[in-house]
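The values are calculated or read from the model by the stated rules, or taken from the named source; none is laboratory data. Quantities reported herein were computed from a predicted structural model and do not represent experimental measurements. Cβ placement follows ideal geometry from the backbone for every residue including glycine, while neighbour counts extend to all protein chains displayed.
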Amino acid sequence: MLDACFLGPYGENDSLLEKLVTEFLRDHVYWRRNFHPEDPPAIPTDAAVDPGYRAFEARLRRELHALSASLKKSVPFHSPRYIGHMASDLLLPGLAAQILTLPYNPNNVSEDAAPVTVDMEVDVGLQLARMVGYPHDPAIDRCAFGHLTSGGTVANYQAMRLALALKAFPVALRAAGVPDLGVPDDDWAAFNLGPAAGTELVARWTAWLAAHSPRERAAWNARVQAERIEQRGLCDFFAAHPTLKTPWVLAPITAHYSWSKGMKLLGLGRAQLRLMPERDMRLDIEALHETIGDCERERQPVLMAVGVFGTTEYGTVDPIDGLVAARDAALSRGLGFTVHVDAAWGGYLATLFRNEDGSLRARDEVARGFAHFPSPGVHAATAALAESDSITIDPHKLGYLPYGAGAFVCRDHRAMTLLSESADYVFHDNAARSYRARYRNLGQFIPEGSKPGANVAAVYVTHKVLPLDHAHFGCLPARTVRSAEAFHQAAGAFASRMHPLVRSIVPFPPDSNLVCVAFNPAGNRDLGVANAFVRRLHDQLRVDPGAPLQDRSFFGSVTTLRPQALGEAGMRRILDELSLDAATDGDAEDHLVILRHTLMNPWLIDDRNGISYIDMYFQYLEQRIGGLLAGT
């Protein structure tokens, strides 16, 4: 099946892509001609022989040839020799669907500008919801909702935006004096209802308004809107409720920098982002419980706790099950907050855990065909995705789709009412309309004012061709996880062979299809020297704009290990295994530079041709390390 999914490292499926593009370009032209065939052609048939036309065509061809030549210096993401960042070849269904849709140029901000692809976007949200275990039947009240964004960064912003609106809304209802809704009697309790109870309150408010006359609805809505945090702003809202503090966001120290950006963008302030310590690159749940306990004692609100399902640097999976349990325990003691999972990288790994009927596979079923995957912790974390409140997933990463296609999904769509730019439940009949009809005016609920429908078509068609379960789409991440296990094994053999020259370790077993390797020249104990060695090694593994791409045998990337992420014991273990001394206060560097390998390409192990690019890579490393140590 996978043979037909990509253009291929050698362009093997060029005829298939060419046929698809040509067929549907012609189909698009026929559509234009048959819209109103009685209209005369606006461009005359002899225009192509006009001197101005021919001059324009010549300039166009010249610039396109120049562009094509320049693009040959691009990173060869398609090749099995590329094992660097989170990019690989593109799935043909998505590539063809995006090319097909581009001439129609739909803008998914509303049904007026995208009557076809806006429905597809609603469906994509439901497809992703099913993949992670959220309710995905639009006929039920608590159905999930999702939409695409330009990337995981904007999806994370949307998560914070929704969490803040949901947390502050009960306080606004209380301040407005809305009766008969069961709003708590004090601001602290109202601010800490938790996302599930808060969403139910939104639903009761909507129903309560619907029972009033249009004049009364408008009056009550105006009173509540005047008290909402979105209307008053952070300063005025908290000044009006002096017993409340600005809430914190608790995120692991390995969390993506988009969380820092988001805190600034929303006006909460970077100081309110509290980075939680980790153990072996995974969120330390005990430390999280301690922080939550401190918040309870000091009456410090928490907006959100973030777990990462596949860290950007290391591919590790946080204990999402522990995070969900911590949320539930804190709520029982009166501290409510949202759990958001940043699965920008690892989201599509969930396909490995889904049966074709959408049910969760047992760990022993998932483990067939793998040496170690999934660990009990990874399986438990995947099962717990269904209990989170919202999630970020990037189709343009492990979904193998074109940039930019991120996604935000919330577990219960009724909370999205709070993000609407117009009070549709008061002035229109949107609240009474069907799920799909309501979200056809998507621009009311999303951060963007314009968004490409072509990206949506790419994701939608890919999910239809490759349903998000282990028997279809899951075949792709399954192959890459097997590559990661083979890479891990090969790294161990490499370390044994190279021991006289260099110390080499995999700092922690991979949770997904991303593997890191650390190095230190034999006899060295200085952290700075080891880091300089790895940086020189990486110079042989990155794009050099001044040299032909063919001069590079492989492409990789680097990242760093820091004591804050590993914990003191974890950092000490790794340094000991590498025969390195720990950094002291006077040292310039306290971190360790390591090579990072993202093993997305499905042809890293080419059984048909008897080639293992993984083995070739480690042979290449041997040569480069030998040259570096010899000074050549």
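Within region 122-141, does at least one residue satisfy the condition of being part of a loop (DSSP other than H, G, I, E, B) and within 18 Å of the chain's Cα centre (by Cα)? The answer is yes; a qualifying residue exists.
Results for (1) under 17 Å from the mean Cα position of the chain (by Cα); (2) at positive phi; (3) acidic (D, E), shown as yes or no for each residue.
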{"residue": "R299", "(1), (2), (3)": "no, yes, no"}
{"residue": "A305", "(1), (2), (3)": "yes, no, no"}
{"residue": "A326", "(1), (2), (3)": "no, no, no"}
{"residue": "L331", "(1), (2), (3)": "no, no, no"}
{"residue": "G346", "(1), (2), (3)": "yes, no, no"}
{"residue": "T351", "(1), (2), (3)": "yes, no, no"}
{"residue": "R361", "(1), (2), (3)": "no, no, no"}
{"residue": "A371", "(1), (2), (3)": "no, no, no"}
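Using the structure shown, decide if P477 is touching a Ser or Thr at 6+ places or on another chain (Cβ under 7 Å) and crowded, with 21+ Cβ neighbours inside 10 Å. The answer is yes for P477.
Residues in region 324-331 include none that are among the acidic types (D, E), surrounded by 20 or more Cβ atoms within 10 Å (Cβ to Cβ) and modelled with pLDDT of 95 or more. Of all the criteria given as (1) closer than 24 Å to L595 by Cα; (2) crowded, with 19+ Cβ neighbours inside 10 Å; (3) hydroxyl-bearing (S, T, Y), the one not satisfied by Y439 is (1).
The criterion of being surrounded by fewer than 24 Cβ atoms within 10 Å (Cβ to Cβ), modelled with pLDDT of 95 or more, among the β-branched types (V, I, T) and over 15 Å from the mean Cα position of the chain (by Cα) holds for V366. Taking the criterion of being part of a loop (DSSP other than H, G, I, E, B) and touching a Lys or Arg at 6+ places or on another chain (Cβ under 7 Å), the only residue of region 602-632 that qualifies is P602.
So which helices (runs of 4 or more DSSP H) are wholly in region 392-480 and hold at least 3 residues that are under 22 Å from F77 (Cβ atoms) and modelled with pLDDT of 95 or more?
Qualifying helices (runs of 4 or more DSSP H): 453-465.
The residues on offer are R223, R217, R232, and the sole one that is surrounded by fewer than 19 Cβ atoms within 10 Å (Cβ to Cβ), in the same structural domain as R327 (by TED's automatic domain parsing), farther than 24 Å from R333 by Cα and at pLDDT 95 or above is R223. Once region 283-299 is narrowed to residues that are surrounded by 18 or more Cβ atoms within 10 Å (Cβ to Cβ) and free of Cβ contacts under 8 Å to residues at least 60 places away in the same chain, the residue that is nearest to D236 (Cα to Cα) is C295. Entry remark, region 83-121: residues being surrounded by fewer than 20 Cβ atoms within 10 Å (Cβ to Cβ) and in a helix (DSSP H, G or I) number 5 in total.
Counting the residues of region 329-362 that are more than 18 Å from M131 (Cβ to Cβ) and out of contact with any strand residue (DSSP E or B) (no Cβ under 9 Å at 6 or more places or on another chain) gives 5. Residues in region 430-466 that are aromatic (F, W, Y) and out of contact with any strand residue (DSSP E or B) (no Cβ under 9 Å at 6 or more places or on another chain): 1 in all.
Take V378 and decide whether it is closer than 20 Å to P252 by Cα and touching a residue at least 60 places away in the same chain (Cβ under 8 Å). Criteria met by V378. Counting only helices (runs of 4 or more DSSP H) that fall entirely inside region 488-601 and contain at least 3 residues that are closer than 30 Å to L71 by Cα and not assigned by TED's automatic domain parsing to the domain that holds L398, the qualifying elements are 527-539.
Do we have R215 as of a type outside the set (A, V, I, L, M, F, W, C), more than 32 Å from the chain's Cα centre (by Cα) and part of a helix (DSSP H, G or I) here? Yes; evaluated as a whole, the condition is true for this residue.
Residues in region 501-551 that are of a type in the set (S, T, N, Q) and within 32 Å of the chain's Cα centre (by Cα): S504, S512, N513, N531, Q540, Q550.
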